[in-house]
Structures are given as structure tokens and as C-alpha cells.
Amino acid sequence: MRSLVCLLLAWFSFLARAEVAPQYGGDLNIGTVYVTLSPLSWDPADWTWKSNHDTGSVREQLFAGDLDKSVRKGGDYPFIADAYLPSGAIRGELAERWHWQDDLTLVIELRRDARFTERPGVMAARPLEAADVVFSYNLIDQSPKRIATYFDHIRRVYARDRHTVVFEFSEYNAEWMYRFGYGYYSGISPRELGNLDRKDWRNVSGTGPFTLEKYVQANAHIYRRNDDYWGTEAIAGKEYPIPFVDRVIYRIIKDEATFLTALRTGQLDILEAMRWIAVDHLKKTTPELQWNRWLGTSGTFMSLRVDQKPFDDIRVRRALNLAVNQQEIVDLFYGGHAELMAYPQHPGFGEYYQPLAEMPAEVQELFTYDPVKARQLLDEAGVPEGFSFDVQVCSCSPSNMDLIPLLESYLQKVGVQIRIQPMEYASFLSAMTTKTHGPGYLLNSGHVNPITTLRKSFVTGQTWNPSQYSSEYFDEQIRQVHLMRDEAERIKTLRRLTREIMIEAPYIWLPVGYVHSAWWPWVKNYGGELRAGAVRPGPIYSRIWIDRQLKAEMGFD
Amino acid sequence: MQTFIIRRLLAVIPTLLFTSVIVFASIRLIPGDVIDLMLAQNDISTGNDRALIEASLGLDKPIYVQYFVWITDILQGDLGRSLWQNTPVTEQLAATLPITFELGLLALMVALSVAIPIGIYSAMRQDTAGDYIARSFSLLMLAIPSFWLGTLVMVFPSVWWRWAPPLQYTPFLEDPLGNLGHLLVPAILLGLSLSAVTMRMTRTMMLEVLRQDYIRTARAKGLAENMVVLRHALRNCLIPVVTLIGLQAPLLIGGAVILEQIFVVPGMGLLLLEAVFQRDYPVVTGVFLVVGVAILTINLVVDLTYGFLDPKVRHR
Amino acid sequence: MSEIVLKAPGQRSAILTFHERMLREKPLGAIGGVLFAVFLFCGIFANVLAPYGLNETDMLRRLQAPSLAHWFGTDHLGRDVLSRILYGAQLSVIVGFLAAGLATAISIVLGIVTGYFGGTVDMVIQRFVDAWMTFPDLVLMIVVVSIVGPGVPQIVIILGCLYGIAGSRIIRGSVIGIREQMYTHAAQSIGASTLHILAFHILPNVMPVVIVLFTTRVGAVILAEAGLSFLGLGVPPPEPTWGSMLSGSGRTYMYLGPWLALAPGLCLTVVVYAINIYGDALRDLLDPRMRGR
């Protein structure tokens, strides 16, 4: 009897291991969400948003997304949002414990087992210290490229001892964990970086699961496993040291047809973002692929310059919203793969997002199609038939380039003629930053998080406020929100502010499209998660393992 | 002969100067300068000290000072550094120039190996069906837009046979087969589209030469047709072909930008394109300069060869 | 045919006889010419021929395969592809002819001035042409379009200048050859003014080169615009150029509607091919000496 039980146990454990035990080794080729973009800068002091995406598997941060709470593992969080982590999905990464000593003093204790890897010409291996965190903070805070008010809430950062960092606040800021914690500008670099050329990719160093082995401009970045990494992953109740794969390779491919082909032929293991158009065909030709569909993390809208006539008249702006058939855009332009209203708040923001059905009538009306009423409003406001204005669009966005002729024909039906001006990326962006852009401006703008989405778009003078919307009341309200410690209060206020700004219609509100991710079945311990920090996929990639047997069985080497 | 060479060499200098000024000025005329681009990276922009950034990039000095600094640096072998990544431009060029050069060389080989035999064949079988077919094929390659052909070659084999050309670049010395595998398909496409012009020229030169008296004499002497062709005709028609290589140089060196984009070849074309879109002035001017020098050198060699071969030119 | 008399009686029939000759001796070229003429006709009369407007969107009719109602099907916004092809032809004709015309004009002026006068003028201008020609075409276009923005007039001017300056070399070579002809010396010894010589002796004899150059330039311009469209710098929407139809919606929707790419792709290829074949035949017939170019 006992031998039978032993046999059965052995058999079951064999099965369990055979099914679940991760394999080490192999390369992970990824077409990331930003597959067409090259890195702009490796230097934290440059304050480039993409830095975290490129260095986030090398440099770690104080906080990161808690991937154990992902949907795939039975939790609630998809980890898709660009730069937002709900409070229930955050864990300490380099921060082991933290507490508020008093209202304005935050004490963070760092984990003791985090180590910087050896990097020839940069540094010898050594443990992480509080002085490194202080260095990293000061590096970006004192940079000439810093965003002016970003760290105004922090008065001083210092190391209390080897493993404790103290943040002295001058005032509370609800975004503190995002701004220096899991946000865009929160990577922890070693102090040695102070004496080196920070822009050189060879000097990128950190405590993370990978090191930056090679960078081939416009082609690939290659990250190699850090064998001494402190992290582990629990799979089927057992802890495994991570990362599993030998190398992670970000492939940079500018052409859509090419990266779809690369996925189809197995040259990419994961393609994180593709438009709906190719999906059906890909599902037919490559049925083995696994899929995830997620709502885009940028809003699309046509901004109208409220500082120019006739767009200063709210009737004109609302009329233009009525003239555009957003539902038809969802059904036919996006093939159903879009949400009618998902901007400025994103459904992924949980309570912060108020669905269209629960919105007041004045908001709902903007998403209906009523060209007759639109023309009526325009007449009331004194806009003549045949009124025309310039609309600028970036030639870098194929989707927007496709959308704009459709918008033109909608507006034409109510007697408004737009003149389309495509511009390439730099000129397009610069028109906005220098405020020389046209009355119409078709833009994609990232949601980021529930507060920032309103702040960056509608507070006076912000770069990403193309409509030039300016209201003292609104500015003050936003300022107040930052000071609220109570999340419930923030939620209530932001919902109200969102309703109010939507009614004002400084933009023609447009649907937000769904994006598809696809990956081959040999990519394991992965469910399409995208970010565990602001545009930071590092922790996700370090938990993926490749079933090389399966890959070989499927005919790929 | 010597005066010709010297005059030709001296002529390069003003050309280079013209080139450098045009390049230097043009990239700065593009709206949306690099500071705006840097500022737009962030969520907020209020109060960024523009002057500080400009100073740190060396862009605050008057433009003629910048030009002067740039020229003196070049003469010392320093092409400046990328405004975004601070990598020396020479390093970026050292990484991309061999790739573009290799692609160009392969394409040239394809072009010549397709064009010359077809050109000769067409000339010898003038106005027959074979001639028409050969010429038509060549012209067809010219008429189809490269991005379209590239897309077809990229997409359809992947749908039908699950095959695509490899997209990862490895240096030749590290992995010759992998390197060639990656560059082969774009080189073939580039070469085919170039072959049309070369083929046409080969054909017309062959036709002219075949009519010459000395060819008739050779035939009368009883030499085999092939010998006639090879020994006499071929030698004479190579002159304009050599000239043609010079004319094609910009295309080969400066970038088959479109094919580089589709086949993920990290060459100079793509480097240049990205630098233009990012307003990375030092990279753009550095690349233009190197391209200019390379092409001028090729043209110089071509002209000198031409002058050497064709006595009429020497004495102008 | 080494001399062309400017004002011959019955000039029209000279062109007709010329083309008859082409039909006999170079049938392929004649076919090219016919296709070229069809293209021109469609381009000029697009407004009349097109069954629908160029931006008549109707989302409910999107991505329909070719049918009786829509011979070339509809695109992703429900627009009739045939109509857009015809309007695209019109745009190609306009851009092609204007740019080729500008290029040819520039080539003539530069080529004649440098070829006839020689000396310092020649040397200086040739150095400038050298400098110009060291720039890779496409990149130069990218830079300039980035400065001035995309649009039909801008593209015409850029392509015109680009091809004009490069083409001046060819005309210059021809002019040098002509200059050495006896009759020029004769005219000079009579005491004719330089302008007279240029206009009545040089120019007419350069005409064969010019005609061929112009013809092939039209094809080159159409292709160049397609390349610019691929990079997002071509003629802005909703204007349909074959290049933008092919590189934009053609490539994006090729899985859902292959006709979106086939139609402009075939038209582009056939027209450019026809123009080149026709140009070749012209060259062969007009000036055998030109073969060396």
C-alpha cells in the first residue's frame, strides 16, 4: 500500500513539475509597445519619458507593480496602464518598508539584498545603499531639463543610514509615489554614474534582473540576465530565482508590415501592440498565437483653440462634437474595436472612471450624432456655411492619417471645411510647444493617471494643453486635488472635474481604439501584461520563461 | 594629363564647401528645433529654462560661430556628438557606414550581374522577342515602387510558407552567413531597380560598338562571335558603365532609405532619417559630410579613369 | 535626323508621321505612347470621368470588393477606388508635368549656359551642381519637405529643382557637342548675337534631348512622389495620389482588401513603364547619337 502511495505521489509530482516547472535559458525577442521607436536618451537627467522603458530592466525603482495581483494569477489588475498603478497593486521593489514619521516626513528602508552588478569600466559589484537613492534623486532634481514644479513638494532627501532614506516634504502631494517611486523619472542608478558619461549606453548600470549588453541603433537592444539578481518568482508554490531567459531583445522595427511578418514567422516571440486591421488575418494564418486585447492608453481628440474665434464659443465646440459620428467611427472605422468614451479618464482607472451611461445628459449628447442640431448651433453662433480652418495631424500616426479624411467629410456635411496639414513628428510637436499650432490639432495624448490626465491637458499653459484652455477655477481645483490625502475625496473631485471639462468640449472627443497583443504559446508565465511601473516592463520580462521544447516541436529553432 | 588631375582635385574643395554650408544651414531651417522636441517629451513644460538647455548643447552661440567651430572640429577629425545620446558622430558613422556600404556593394554586384549580360544579349539580339522581354523586365523593375516590391517580398512568403528574410543584423565578421542572409533580399531588390539604367546603357554602347568597322573586320577575319564580343566590344562599352557607377553612388551610399526601413537594416539612410526627424544636427551634418566626401571621391576616381581612357577628354 | 527646322509647313503632320514611323519601327514604344496618352486623357478629364467624388466617404460601403457599382471596389472609408484612381491620375499629371517642366526648364538654362560659355562660369556652376548631386535624392527631399511642409506646389518645386540641376549635365554635354559643329562657327563669323545663336541654333538642336529628358522625368517624378508618400511627406490627404494610396491604405488594408493596393500599384507600374518605353523609343528615333547617354 505504501509503495503504491509513494508511486502515486511520485507520479503526481512528476506531472506537476513537467507541467509547471519553468525552464531556464533561451532568448526572448520582443516587439514592444514602442516597437517603432529608438531610445532617445540613456541619461536620467534628460527627463525623457521613454528612458524607463529602455532601462527599466536594468535600473530598479523604489516601488513597482505587484505582478502577483495580475489577472492571470487570479487578481484584478491587468497592468496595462502607461503610468498608473492602483494602490492595491503596488509593492515595494527596492523599498522594503516605508512609513510616515510625521505628516511631512517619509522614511523608506531599502532592501538589503539588492546589489549593483559588476560592469567593467563603470563599477565593481556592491550592495545598494541609501546614498545611491539620494544621488539618483539629486541627479534628476538638479538637471537643467527638469520639469519645473515636479518635485516642489519635496524639500530634502537624505540618507539617515546605509539603508534608510528620508524624504522631507514641504507639502503633501497625492502623486508622491508616482513622481519618485514608480514613475517615469524614478530609476535608481549607482553613485559611480556621477563621474561617467551618462549618455553612453555602456554606462547604464543598476540592481535589476538584466544588464544592457548591446545596443544597435535602429535595430535592437540586447539585455543579458543578471545571474546575481535578488528577485524570485513563485510558480506552483515553489520559489525560483529570476530571470529565466538568457537574453531579452527589444527589436526596433519601423514598418508595420515588417513587424507583423516577424511575429508571423516566429522572429518575434511577443508583439505587444498591433492595430485591429491585421488581427483577423493573423488569427487565420497563425492560429497558434495567444491574444490579449486592451484599451489604448492614449486618448485621441481634435483640439480646438479656445483662444481663437469662433472656438471661444462653447456652442461651436459642442456643435462640432455633434457633427462627428463617433459611434460610426467605433463600429466601422475601428471595426468595433474601440470604446466610445474613454478619455480623459481611462476605464482602467477603476473608480476614477465614470462610464458614459452614468454621465449627465450634456456629456452624453456630445457622443450622439446630430448634424441638424450641429448646424443649428453653428448658425446661432454666427458661423457661416463654408467656414474653414486648418487642422494639423502627425504623419507619424497612420491611424490618425486615416481618420482625418473621415472627420473632414463629417464636418463637410454641416458646412464646415477643414484644411488638412500633415506634419512630421518633430515639426508637429514643436508647433504645439511653441503654441503656433493651428485652430485644429489632431492629437493622441497619454492618460498617464487620473490626476495628470486632467492637469496636463487643461491647466493653464501646460505643454500638452493644445486647446489653450485656461480657467483659474479649474487650475485651483487641480491644485487642491494634489493636496488631498483621502483617496475617496480625490475620486469624487476628479469625477466632477472630468464631467465639467467634458461639457466644456475644448476638444472634439473621439473614441479610443483597442490594441491587440499576441505571443507564441512557448512564452510562459505571461498573460499580456505590459507595465509594472511608468512604461516599465522590466519586472514582467524577468518572470517570463521560454518552453524551448515546445518551440522546437512547433518547428521553430 | 597632370594638369587635368590637379584641376580636378582642386575643384573638389569649393564643392565640399558649398556642400557643407548647404547642409549646415538647411537642417537648422527646419521648424521645430531640438529644444522644442526635448521640452515636449515631458508632461509639463512651464518654466523649463530653455537657455540652460541651449547652452548645455552649445546651440546658444551665433550660427556662424557654430559653423566655424564645426569646420575646425572636422579638420581635426571630430564630427561632434549626438545631441540626444552624446555618442560621437564618428562612432555612429563607423557603425552604419560599413552596413550601407556592404548593402550598396551587394546591390551593385546584383545590378551588374543582371544588367550586363542582359544588355549584351539584348544588343546582340536586337529587336527580337528576347530583346523586348529582357528590356521589359528591366524597365519593370524600375517602374515598380521599391517599397511596394519590398512589402510584397516581405509579406507574402510569410503568409504562404511561414518564411521571412531574417531581420536581425549581425556584423559580417561575427557571422558571415547570418549577415549576408539579412542583407541579401534588400540588396537584390535594390540591385534590380538599378539594373535598368545600367542595362540600357550597356545595350546602347554595345550596339554602337558592334557597328564599328573594326568589329566587321574581326568578323571578316573569321573570329568566333563570342571572341568578337568579349575582346573588342566589351572593353569599349565599359567606359560609360564606369561613369554610371559614379552616378549611382548617391543612391547606394546615401541610403536606400525605404528598403532599410522595410528590411530593418541599420544603415546610414535610417540613421540620417531618424536624425532629421529628431533634429539631431551634428549627426545629420556629419552624415551628409561623409556621404558627400565619399561620393565626390568616387566621382573623382571615375572622372580620372574616364579621362585616362578617353583621350578626347584629357585635352579640354 | 540631326537638324530640326523650326517652322516647317504642315508641322502637325510631321508629328503624325513621326509616330507612324514609331509604330512601324518600335511597336513597343508605340504601345507605351498609347498608354501614356490614355493616362493623360484620364488625368485631364478626371472630373468628368469619375463616377464619384474623391472624398465621398460612406462608412457603410467600406471595403467592398470590385462590383458593377464600384469597378475597383471601395476603400476603408467607403470611397470609390476608381474615382480616386482617376483623380490620382489628374494629380500625377499635374505634379508630373509641372515638376518635369520645371526640371527641364532648369536643365535647359543651366545646361546651355554652362555648355556654351564654358570657362569660369561653367566651372563654378558645375561645382555647385556637384555639391547638389552629392546629396541622396530622398534625403534631400525629406529635409526640404520638412522645412516647407508637404503640398503640391512645394513638391513640384523640390522635385523640379532636384531633377533640373541633375539633368543639366546631360544637356550640357549635348550643347558642347553642338557647339563644336561647323554651322555655329559659321553663324558666329556672320556676327549673330549670342542670344540669337542660343535661341535659334543651340536650342532647337538640343530639343531631341530635351524631349526625351522631359518624358522620362515625368515617370521619375511620379515614382519620387510615391517614395515621399511612403515616408509620410507626400501630397497631404484627402488628395489621392497613387503613391499615397499604395503606401498608405493599400499596405495597411492589404489583408482585408487587396484591390486597395492592386489598383494604384498596377496603375503606377503600368504608367511609369509606358512612359519609359515611350521615352526610349523617342530617343532611339530622334537622335541615335543620344544612345551614349
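The values are calculated or read from the model by the stated rules, or taken from the named source; none is laboratory data. The structure presented is a predicted model; accordingly, all values stated were derived computationally and were not measured. Every residue, glycine as well, gets a Cβ built from its backbone with ideal geometry; the counts of neighbours run over all protein chains shown.
Observations on the model:
- Checked against the criterion of being within 26 Å of C:Ala220 (Cα to Cα), within 11 Å of another protein chain (Cβ to nearest Cβ) and assigned to a helix (DSSP H, G or I), the candidates B:Ser138, B:Ser122 yield just one match: B:Ser138.
- Among the residues of the range B:62-99, those that are in contact (Cβ under 8 Å) with a residue 60 or more places away in the chain and touching an Asp or Glu at 6+ places or on another chain (Cβ under 8 Å) comprise B:Leu79, B:Gly80, B:Ser82, B:Leu83, B:Trp84, B:Thr90.
- Options C:Gly111, C:Gly43, C:Gly101, C:Gly33; residue that is at pLDDT below 90, under 30 Å from C:Thr194 (Cβ atoms) and not charged (D, E, K, R): C:Gly111
- Every residue from the range A:63-106 that is assigned to a helix (DSSP H, G or I) and of a type outside the set (S, T, N, Q): A:Leu67, A:Asp68, A:Lys69, A:Val71, A:Arg72, A:Lys73, A:Gly88, A:Ala89
- Test: residue in the range A:271-284 that is over 30 Å from A:His437 (Cα atoms) and modelled with pLDDT of 95 or more: yes
- Among the residues making up the range B:141-188, those that are touching a Phe, Trp or Tyr at 6+ places or on another chain (Cβ under 6 Å) and not small (Gly, Ala, Ser) are B:Phe147, B:Pro157, B:Asn179, B:His182, B:Pro186.
- Yes/no for A:Tyr473 being among the aromatic types (Phe, Trp, Tyr), buried (at least 21 other Cβ atoms within 10 Å of the Cβ) and more than 10 Å from chain B (Cβ to nearest Cβ): no
- Helices (runs of 4 or more DSSP H) within the range A:294-405 that include 1 or more residues touching a helix residue (DSSP H, G or I) at 6+ places or on another chain (Cβ under 9 Å) and under 27 Å from C:Leu54 (Cβ atoms): A:314-323, A:371-380
Residue-wise test of (1) of a type outside the set (A, V, I, L, M); (2) at pLDDT below 95.
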| position | (1), (2) |
| --- | --- |
| A:Ser87 | yes, yes |
| A:Pro144 | yes, yes |
| A:Val166 | no, no |
| A:Ala174 | no, yes |
| A:Phe180 | yes, yes |
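- Residues that are modelled with pLDDT under 95, in contact with an Asp or Glu (Cβ under 8 Å, 6 or more places away or on another chain) and among the basic types (Lys, Arg), drawn from the range A:192-225: A:Arg198, A:Lys199
- Residue within the range C:170-183 that is in contact with a Cys (Cβ under 9 Å, 6 or more places away or on another chain) and modelled with pLDDT of 80 or more present: no
- Selection within the range A:117-141: residues that are under 26 Å from the mean Cα position of the chain (by Cα) and without any contact (Cβ under 8 Å) to a residue 24 or more places away in the chain. The member of this set that is nearest to the other protein chains (Cβ to nearest Cβ) is A:Asp141.
- Among the residues examined, A:Glu109 does not qualify as more than 14 Å from chain B (Cβ to nearest Cβ), under 21 Å from the mean Cα position of the chain (by Cα) and over 30 Å from A:Tyr343 (Cα atoms).
- Residue in the range B:87-100 that is modelled with pLDDT of 75 or more, within 13 Å of chain A (Cβ to nearest Cβ) and part of a loop (DSSP other than H, G, I, E, B) present: yes
- Contacts under 7 angstrom Cβ, first residue in the range C:126-138 being more than 7 Å from chain B (Cβ to nearest Cβ) and more than 11 Å from B:Val12 (Cα to Cα), partner assigned to a helix (DSSP H, G or I) and among the basic types (Lys, Arg), 6 or more apart: C:Val129/C:Arg169
- Search result, residues across the range C:248-260 that are surrounded by 22 or more Cβ atoms within 10 Å (Cβ to Cβ), without any contact (Cβ under 8 Å) to a residue 60 or more places away in the chain and more than 10 Å from chain A (Cβ to nearest Cβ): C:Gly250
- Any hit, the range C:157-167, residues being more than 30 Å from A:Ser430 (Cβ to Cβ), touching an Asp or Glu at 6+ places or on another chain (Cβ under 9 Å) and without any contact (Cβ under 8 Å) to a residue 60 or more places away in the chain: yes
- Top-ranked residue in the range A:240-254 [being part of a loop (DSSP other than H, G, I, E, B) and buried (at least 22 other Cβ atoms within 10 Å of the Cβ); ranked as farthest from the other protein chains (Cβ to nearest Cβ)]: A:Ile242
- Selection within the range A:410-434 - assigned to a strand (DSSP E or B) and at pLDDT 85 or above: A:Val416, A:Gln417, A:Ile418, A:Arg419, A:Ile420, A:Gln421
- Flag for A:Gly187 being assigned to a loop (DSSP other than H, G, I, E, B) and buried (at least 21 other Cβ atoms within 10 Å of the Cβ): yes
- Verdict on A:Asn52 being at the interface with chain B (Cβ under 10 Å from one of its Cβ atoms) and at pLDDT 90 or above: no
- Count of the range A:441-485 residues which are charged (D, E, K, R) and assigned to a loop (DSSP other than H, G, I, E, B): 1
- Within the range C:107-125, if we keep just the residues that are crowded, with 22+ Cβ neighbours inside 10 Å and within 14 Å of chain B (Cβ to nearest Cβ), the residue that is nearest to B:Val21 (Cα to Cα) turns out to be C:Thr114.
- The set of residues in the range C:33-80 that are within 14 Å of chain A (Cβ to nearest Cβ) and in a helix (DSSP H, G or I) comprises C:Met59, C:Leu60, C:Arg61.
- Across the range A:216-239, the qualifying residues are those that are surrounded by fewer than 23 Cβ atoms within 10 Å (Cβ to Cβ) and of a type in the set (Ser, Thr, Tyr), and the one among them that is nearest to the other protein chains (Cβ to nearest Cβ) is A:Tyr229.
- Test: residue in the range C:78-89 that is buried (at least 17 other Cβ atoms within 10 Å of the Cβ) and in contact with a strand residue (DSSP E or B) (Cβ under 9 Å, 6 or more places away or on another chain): yes
- Within the range A:420-435, residues that are facing another protein chain (nearest Cβ under 7 Å) and farther than 17 Å from C:Val144 by Cα have Cβ atoms under 7 Å from residues that are at pLDDT 80 or above and assigned to a helix (DSSP H, G or I) in these pairs: A:Ile420/A:Ile404; A:Ile420/A:Glu408, counting only partners at least 6 apart in sequence or on another chain.
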